Amino acid sequence: MKFAARMLGTGSAHPEKRLTNDDIARKISQFGVETNDRWIRDRTGIRERRVIDVQNSAETNSSLGTQAARQALAMAGKTAADIDQIIYATCTPDTIIPSTACWLQQKLGADRAWAMDINAACSGFIYGIVTAEQFIRSGHAKTILVVGAEVLSQFVNWQDRSSCILFGDGAGAAVLEQVPAQTARRLLSNHLLSNGDLNGLFLIPAGGSKLEVTPERYHQNLHKIQMNGREIFKVAVRTLVECAQQALAKNQMTIGDLDWFVPHQANIRIIEAVAERLQFPMDRILINVDRFGNTSAATIPTVLDEALRNGRIQNGQTILFDAFGAGLTAGAVLLRW
């Protein structure tokens, strides 16, 4: 093909409210559930996370996405009028209908752009980037906004200690631009996979067309997150390692050729286990899970944006994104910034 895609700018946004581990311990104690800061840190590496104020219209999913998108456009030197397409990765949309992408399009005033949502859970941002790349390489679009945003606090079961400690809210965005195929600074390759046989490891049973939320199901918390943490840990480590190895092999690279590794920020223990298996140094892995928790589709773009703005990532460096999510979904993107 004549064209490639280059990532041009990023942005991020989080709610104002910080929920510390001590805050969670107090919150869930009313349900007779015990935890503490040390227990949470030892198992997850998380100190705090951000959660939305449901009464604040500036902290809806699409509002956070809009803040992140404006930052990304500013870094890229673009305006809303330049956007051909919006891809919005989320599993916690503002509304089932219309799509959160359309809410974002309205708030940005991106009148030229067509918009769609992608639900690949924590892999959503990578799926969005790969989808955008295809439209750009085919010549269908020149400038695409990709957003990963979640408000998982609204789907947490505060009576489930194993899951309620993990999640936070936030949004990240990236602008992709069409460039000539052999441009040095571009997306180099992508690798996606799914395994529906593992759909039971992480799910929200009620709330879709299969199972509506009745009063009985509401009291059973069937509209909240259910997860099998022990099995997810094993699958996540294996999947992240395999995706990283496939990306490197495709480009005839070794782990030592990477400047930065950007894994999904689910749990610091998962990240450490992946680093050990890949023999990759922790000081070259971008991490923000300690301060923001697991923000699903927002984790990779928010930690990436942070590293770009504080100068850790420099032009010409090689970066690997790597994620897994409910579904099971997974994927990796290798790029040169």
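The values are calculated or read from the model by the stated rules, or taken from the named source; none is laboratory data. Not measured: the values here are computed from a predicted model. Here the Cβ is made from the backbone with ideal geometry for all residues, glycine too, and neighbour counts use every protein chain on show.
Residue by residue, here is whether (1) modelled with pLDDT of 95 or more; (2) farther than 24 Å from Val179 by Cα; (3) surrounded by fewer than 21 Cβ atoms within 10 Å (Cβ to Cβ) holds:
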| residue | (1), (2), (3) |
| --- | --- |
| Glu242 | yes, yes, yes |
| Ala247 | yes, no, no |
| Met253 | yes, no, yes |
| Glu276 | yes, yes, yes |
| Thr318 | yes, no, yes |
| Asp322 | yes, no, no |
| Trp337 | yes, no, yes |
Looking at Ala330, Ala307, which is the one that is crowded, with 22+ Cβ neighbours inside 10 Å and either in a helix (DSSP H, G or I) or on the phi < 0 side of the Ramachandran plot (or both)? Ala330
Residues within region 259-273 that are in contact with a strand residue (DSSP E or B) (Cβ under 6 Å, 6 or more places away or on another chain) and more than 21 Å from Tyr127 (Cα to Cα), tallied: 1
When residues of region 199-243 are filtered for being among the small types (Gly, Ala, Ser), in a helix (DSSP H, G or I) and in contact with a helix residue (DSSP H, G or I) (Cβ under 6 Å, 6 or more places away or on another chain), how many remain? 2
Please identify the pairs in which a residue from region 9-32 that is closer than 14 Å to Leu166 by Cα has its Cβ atom under 6 Å from the Cβ atom of a residue that is of a type in the set (Ser, Thr, Tyr), counting only partners at least 6 apart or on another chain. Ala25/Thr35
Can you say whether Ala68 is closer than 27 Å to Pro180 by Cβ and not assigned by TED's automatic domain parsing to the domain that holds Ile287, as far as the supplied structure shows? no
Ser162 being assigned by TED's automatic domain parsing to the domain that holds Ile96 and not basic (Lys, Arg): yes
Which of the residues belonging to region 255-274 are surrounded by fewer than 17 Cβ atoms within 10 Å (Cβ to Cβ) and β-branched (Val, Ile, Thr)? Ile255
